[in-house]
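We did not get these values from a lab; they are worked out from the coordinates using the rules stated. Only a predicted model underlies this, so the values are computations on that prediction, with no experimental measurement involved. Cβ atoms come from the backbone with ideal geometry, glycine included; neighbour counts cover every protein chain shown.
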Amino acid sequence: MPSSSPSLVEMSENAVRRIVVGGTVQGVGFRVSCCQAASAIGLCGVVRNRPDGSVEIFAEGSPEWLEELIEWCRSGPPGARVSSVSVTEGPAAEACEPAGSRPWGGFRIVG
């Protein structure tokens, strides 16, 4: 019976994406909802507000899981009005920690 957790091979093929989401994305629960969505998918990383009103995400995980998060970012939580989503390859996520160490697992809000 296949395991639902990633194998060591899958984990070694992780990718990192920097995602910048523009629009009405601050003050609408975007960061908290992003943490919950990303952790449910199985990703780790960080999310922060930027001074220009956008939200920046550094996420690490399998390419398939990253695509799920990117798709989620295109609409975000209720109340958000996403006008743009920019995705680039990113540096190693700043803080991938064990899932049990934070309320939303491997994701955290840093600003």
Task: Check: the range 13-109 dipole with +1 on Lys, Arg Cβ and -1 on Asp, Glu Cβ, in debye - done: 440 debye
TODO: Scan around Phe107 for amide H atoms under 5 Å from its own, H built in the peptide plane at 1.01 Å from N, and keep only partners 5 or more places away or cross-chain.
DONE: Gly45
Open item on the list: Quick check on the range 13-109: what are the equivalent-ellipsoid semi-axes from the Cα gyration tensor, as sqrt(5λ), descending, whole Å?
Closed with: 19, 14, 12
Task: Fully extended contour minus Cα-Cα distance, from Arg18 to Ser83, at 0.36 nm per residue - done: 21.7 nm
Task: Rounded to whole Hz, the Karplus (6.51, -1.76, 1.60) HN-Hα couplings of the range 67-79, x for glycine and proline - done: 4, 4, 5, 4, 4, 4, 4, 5, 10, x, x, x, x
